[in-house]
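The values are calculated or read from the model by the stated rules, or taken from the named source; none is laboratory data. Bear in mind that the values here come from a model prediction, so they are computed numbers and not experimental data. FYI the Cβ positions are ideal-geometry reconstructions off the backbone, even for glycines, and counts take in every protein chain you see.
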Amino acid sequence: MINIILFGCNGYMGRVLTEMVNVDPEFTITAGIDINDRQQDQYPVFATCETIPATNEADVIIDYSHPAALASLLNYSQTRKLPLVLCATGYTTEQIKEIEKASAQIPIFRSGNMSLGINLLANLITKACNILGADFDIEIIERHHKR
């Protein structure tokens, strides 16, 4: 079983991930972190990383929060030696350097977008450019999702 701390647990993607974990016996969420620290599921929710009890057993932190939370998240992850999956967008150049620096100490996977549709579109764009070449002028309009 993989034990997860879910940062941004009360946001849209945090709720989606919670629903997915709730039906998969291979995973469990041991704690959530959210600025809105209201408990909405079976796991406890804390306002900051630092308030999670040291007894919490986790194997990984999955982050769907905000770039403003990155410094405390990196510090907590490095202190506890916990791998990170960073799914937030909008990091500054300096924050990306901090992520790269931390990745020398702990495993970090970072993706600016976990959407299947966006990742498929990126793959299709690469294929189209390789096939069509520089003689074509391509325009792509993306609607993030129906909300």
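Here are some notes:
- Residue, modelled with the lowest pLDDT, within region 100-113, restricted to residues that are surrounded by 12 or more Cβ atoms within 10 Å (Cβ to Cβ) and among the hydrophobic types (A, V, I, L, M, F, W, C): PHE109
- Contact annotation: residue pairs with Cβ atoms under 6 Å, 6 or more positions apart or on different chains, pairing a residue in region 82-109 that is part of a strand (DSSP E or B) with a partner that is hydroxyl-bearing (Ser, Thr, Tyr), are LEU84/SER77.
Rundown of residues vs (1) among the aromatic types (Phe, Trp, Tyr); (2) modelled with pLDDT under 95; (3) on the phi < 0 side of the Ramachandran plot, yes/no style:
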position	(1), (2), (3)
ILE61	no, no, yes
TYR64	yes, yes, yes
SER115	no, yes, yes
LEU124	no, yes, yes
GLY133	no, yes, no
PHE136	yes, yes, yes
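- Odd one out for GLN39 among (1) buried (at least 20 other Cβ atoms within 10 Å of the Cβ); (2) without any contact (Cβ under 8 Å) to a residue 40 or more places away in the chain: (1)
- Flag if ASP34 is crowded, with 19+ Cβ neighbours inside 10 Å, of a type in the set (D, E, K, R) and without any contact (Cβ under 8 Å) to a residue 60 or more places away in the chain: yes
- Residues that are of a type in the set (Asp, Glu), farther than 21 Å from SER111 by Cα and surrounded by fewer than 17 Cβ atoms within 10 Å (Cβ to Cβ) are absent from region 58-70 altogether.
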